[in-house]
Amino acid sequence: MTVVYFVVPCYNEEEVLPETIKRLTVKLFKMIDAGKVSKKSRMLFVDDGSKDRTWELIEQFAEENKFVGGVKLSRNRGHQNALLAGLMTAKDKCDCVISLDADLQDDIEVIDQFIEKYNEGCEVVYGVRSSRDKDTAFKRGTAQGYYKFMSMLGVDIVYNHADYRLMGSRALDALSQYKEVNLFLRGIVPLIGFRSDYVYYERNERFAGESKYPLKKMLKFAVDGITSFSVKPLKIISNVGIIICLLSIIFFIYALISFFSGSSVAGWASQMCSIWFLGGLQMLCIGIVGTYVGKIYSEVKARPRFLIDKTVIDEKFGKTPGDIKPCGNDK
Ligand code: UDP
Ligand code: MG
């Protein structure tokens, strides 16, 4: 039966943790009783260098409740890194992992659907918010604008999906091959591929405590998302450079006409032409350098070039590569 681990990153969450652990335990018990998941399923709380009693609480609950485990990071490394730490700790211990926030804003009642989809063969299941009614107009507007902007830049992210998702162990293995330090999991998971599906849910409000994502952190996260996934901004520089160079030719013709018709001051035409042409040329050169920087950027990330979903090669060619016989006409 499916062994599932809930992975919950926590940063200064002493106000919500006892209630969260209680609710998740009830949920897990129900699922175990109904025979949906294995008794070996667990909840893993990652303390992201909290300054309050979060870790003491995790330790205390882990002692009392055998379903609770904890990992403490040496210092605050941010939500995405804390989540990755949890996923990588759980990876070899379970069949699949469900990541969710400590404040239970994500509706835990849809976990059954996550498991159903996993049992149907999905390796990744995305939790998608069905509406954003409860958000402020500002948050809703900026979030939606951001998703649109990202897709314009060619970054494949799931609309209205945060980090509430199920990942099977194969997807987690694949994720472990992405070594990048500027982590933006929402961008990486769709890159992994494999069969995936969506589960829709209503997002609640935080039941206690404050958001650990102030505007400054959110902006950094948004910029990270763009700069970790798209080289389009670099390409835009070359394109603008080319456009300005072309415009400078038109300008050159205009300046020549003005010069010969005597309607310009001496020196104006030559100065304007040089300013435009040199400006465009410099931008184009920066763009060319940018193209190489873009290549270095993707090489340095060393992302896996492919991930294998299935093969049928074992049955046809024997189990080990040594068994594969060369084919051809050499009789
Ligand atoms: N979080 C974390 N490290 C941080 C900031 C946040 O582990 O540096 C966790 C936090 O405890 C919560 C999750 O990330 O479980 C999402 O944060 P929050 O609910 O405050 O964000 P919001 O829902 O307001 O976007
Ligand atoms: Mg929250």
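The values are calculated or read from the model by the stated rules, or taken from the named source; none is laboratory data. These figures come from a predicted structure and were not determined experimentally. Glycine also receives a Cβ, built like all others from the backbone with ideal geometry; neighbour counts cover every protein chain displayed. Protein only, heavy atoms only, side chains kept; ligands, DNA and RNA dropped before computing areas. Shrake-Rupley method; radii C 1.70, N 1.55, O 1.52, S 1.80 Å.
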Out of (1) modelled with pLDDT under 95; (2) more than 26 Å from Asn160 (Cβ to Cβ); (3) in contact with a Gly (Cβ under 7 Å, 6 or more places away or on another chain), what's the single condition that is false for Asp103? (2)
Would you be able to say whether some residue in region 254-272 is under 30 Å from Tyr178 (Cα atoms), touching a Leu at 6+ places or on another chain (Cβ under 9 Å), open to solvent by less than 90 Å² (accessible area, probe 1.4 Å) and assigned to a helix (DSSP H, G or I)? no
On the basis of being within 16 Å of ligand 2 (Cβ to nearest atom) and either surrounded by 15 or more Cβ atoms within 10 Å (Cβ to Cβ) or part of a helix (DSSP H, G or I) (or both), does Arg170 make the cut? no
Looking at region 181-204 only, could you name the residues that are more than 16 Å from ligand 2 (Cβ to nearest atom), exposed (fewer than 14 other Cβ atoms within 10 Å of the Cβ) and touching a residue at least 12 places away in the same chain (Cβ under 8 Å)? Asn182
Residue check: is Phe207 within 16 Å of ligand 2 (Cβ to nearest atom) and within 38 Å of the chain's Cα centre (by Cα)? yes
What is the one condition in (1) touching a residue at least 60 places away in the same chain (Cβ under 8 Å); (2) more than 19 Å from Arg206 (Cβ to Cβ) that Glu116 does not satisfy? (1)
Sort out which residues of region 14-27 are open to solvent by 10 Å² or more (accessible area, probe 1.4 Å) and in a loop (DSSP other than H, G, I, E, B), and write them in order of number. Glu14, Glu15
